[in-house]
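Single-structure report; data block below.
The values are calculated or read from the model by the stated rules, or taken from the named source; none is laboratory data. Nothing here was measured: the structure is a model prediction, and the numbers come from that model. Cβ placement follows ideal geometry from the backbone for every residue including glycine, while neighbour counts extend to all protein chains displayed. Note: areas computed on protein heavy atoms with side chains; ligands, DNA, RNA excluded. Shrake-Rupley method; radii C 1.70, N 1.55, O 1.52, S 1.80 Å.
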Amino acid sequence: MTSILGISAFYHDSAACLVVDGDIVAAAQEERFTRKKHDHNFPINASRYCLSEAGITADELDYVAFYDKPLLKFDRLLETYLDYSPAGFSSFLKAMPLWMREKLWMPDLIRTELAKTEDDDDERSAKKRGKKFKWKLLFGDHHESHAASAFYPSPFEQAAILTVDGVGEWATSSIGIGKGNEITLSKELRFPDSLGLLYSAFTYYTGFKVNSGEYKVMGLAPYGEPKYVSLIKEHIAEIRDDGSLRMNQDYFSYSEGLRMTNGTFDKAFGGPPRKPESKITQREMDLARSIQVITEEVILNMTRYAARETGMKRLCMAGGVALNCVANGRVLRETSFKDIWIQPAAGDAGGALGIALAIWHRYLNQPRTSAEMSGKWEPFSACKNGVPAYADGMKGAYLGPRDSEESIERFLTQRNLPYKKYSRSELPSVVAELIAAEKVVGLHQGRMEFGPRALGTRSIIGDARSPQMQSVMNLKIKYRESFRPFAPSVLREEVSKWFDLETDSPYMLLVADVGAQHRHQMTAAEEALWGIDKLNLKRSEIPAVTHVDYSARIQTVRRDTNPLYWEIIAAFGDMTGVPVIVNTSFNVRGEPIVCTPEDSYRCFMRTEMDYLVLETCVLDKKDQPPFVESKNWRNEFTLD
Ligand SMILES: [Fe+2]
């Protein structure tokens, strides 16, 4: 038995992943355990969880692998500093202590931290810091880790690979090919030219948080007009046919500072960045639309180039920009790729998974058996009638902790919380009835998802047919901006009947339109509405998940990977004729997605959610004792 622990840490979204004999046994982000969103510290809790899932100790590992090369990253920081001196001196000084203290001493640090997994008591574990583990420590390359996370778990025997993010060591995107257990990256774009950083610059400028508000910019885009596209192309970013781009550094300050854009950028777009939390105006919507248009063009250029260069018909993607599901939808519709597969943990958390698989397949040269190679894979068109055939190695991304029925009942009994227990066979229709009555339900069941999206095991669900559901969920449950759209979960067998999509989208990473037959025709006056005024129009039979441009960020649900969730949606479909529900992550704004029953109960009681499902126990808000907290919980989370 060969056990490999993959680690990503110290930049953004720390995570750990355990691979045993090529099988992904467990993976989780540290933020879920520490309740600190995008926690970048060493993933001690996530590592401890992964080891416990396999029932092994850190001592029994064979390899520990880190997702990038700290020295190369240091090299970039140093060179960037020299290039932009003296402007970059202050940010260099800020970054230095952390680099000197932690990142450059990575091997010692990793050994010390992993010693802690062997003991819950920090005091005692401190004594083990000098401990010599028998495992070998290896370091990967940032984009190779992304590429491995994209290709190895995919169902394909061979495919083109595209990775796109902000920046790793030097690369900001790469193109290559995966065949069997081999990955070859042949082309890369290098810092400071970066599609991820360009998008982040506009995220910053429109008043959202870099590395977390990019989703909001994408959601805001359909309210705006692409007014700034030519300005961006002429002055700010030269877009080339091969997918590369050249960014005019006169407009940016990410190389030398901690801000993304500078005064020249402000001048070009007519003013300073929007202050976070201030009113969103048409200008921000137009900026969002413009950068989204640019991004889609670059992604299409990159993928078309990858198709030409590799001759492949299938594509695998990872890197933070691969979470841009609007662009992904266009890749599927507008390029020669017939199938695309996107790593659900496309950001840096997924690097932990990528490097662990890379050690198994590349370093140890172990063969890879994809679903396609083992004959388990069929194209989507061949398996519409409930026959699951499109299997990948991610187990539906359900790779995190699960709470047993017993532990949940113990939790509820100890806390004296009223609940009703159902049999597993009754549960789907009970939950479906609640949803059909427009109740908002917190659903905590099965293994927690790996990656940024909730996929029906730590989700808040509701009725997609309800015209009020979007604003109720945004304002009373999630306490977030009213413009933000919600995503549908649909039975995979039914997806083509409701959306213009003829493939699986298990990880909510493809956007497609609601089918024309389900849309409502807008009047001329309604069509003429601008910006946020478009929000309250009932655009389809499933208005809660239909964005203002009729698009939807779709999750197709498979019975074999998430049986209870599939059965809830199926029961709802039988009751209402609509096998589509609203699925949003189980958290409030700024909070990491819930992990434990305690987290779920707390979030349930803090919000206006109506019911909470903890495995087969159902809690009615009306029956719960008053929930008193000594401090205002809203101060607990930094707004994202
Ligand atoms: Fe990355």
Check: Of all the strands (runs of 3 or more DSSP E) wholly in the range 141-209, which have at least 3 residues that are within 11 Å of the ligand (Cβ to nearest atom), open to solvent by 10 Å² or more (accessible area, probe 1.4 Å) and in contact with a Cys (Cβ under 9 Å, 6 or more places away or on another chain)?
Finding: none
Next item on the list: Look through the range 1-25, keep the residues that are of a type in the set (A, V, I, L, M, F, W, C) and part of a loop (DSSP other than H, G, I, E, B), and return whichever of them is farthest from Arg402 (Cα to Cα).
Entry: Phe10
Margin query: Looking for something open to solvent by less than 40 Å² (accessible area, probe 1.4 Å), closer than 25 Å to Ala349 by Cβ and at pLDDT 90 or above - is there at least one such residue anywhere in the range 260-278?
Written below: no
Next item on the list: Identify, by number, the condition in (1) within 15 Å of Met448 (Cα to Cα); (2) of a type in the set (S, T, N, Q); (3) without any contact (Cβ under 8 Å) to a residue 24 or more places away in the chain that Asn632 doesn't meet.
Entry: (1)
Checklist line | Odd one out for Gly6, checked against (1) open to solvent by less than 20 Å² (accessible area, probe 1.4 Å); (2) more than 16 Å from the ligand (Cβ to nearest atom) | finding: (2)
Checklist line | Criterion (under 17 Å from Arg32 (Cβ atoms), open to solvent by 60 Å² or more (accessible area, probe 1.4 Å) and charged (D, E, K, R)) met by exactly one of Arg415, Arg402 | finding: Arg402
Item checked: Leu509, sole failed condition from (1) within 24 Å of the chain's Cα centre (by Cα); (2) among the aliphatic types (A, V, I, L, M); (3) farther than 27 Å from Trp341 by Cβ; (4) at pLDDT 85 or above -> (3)
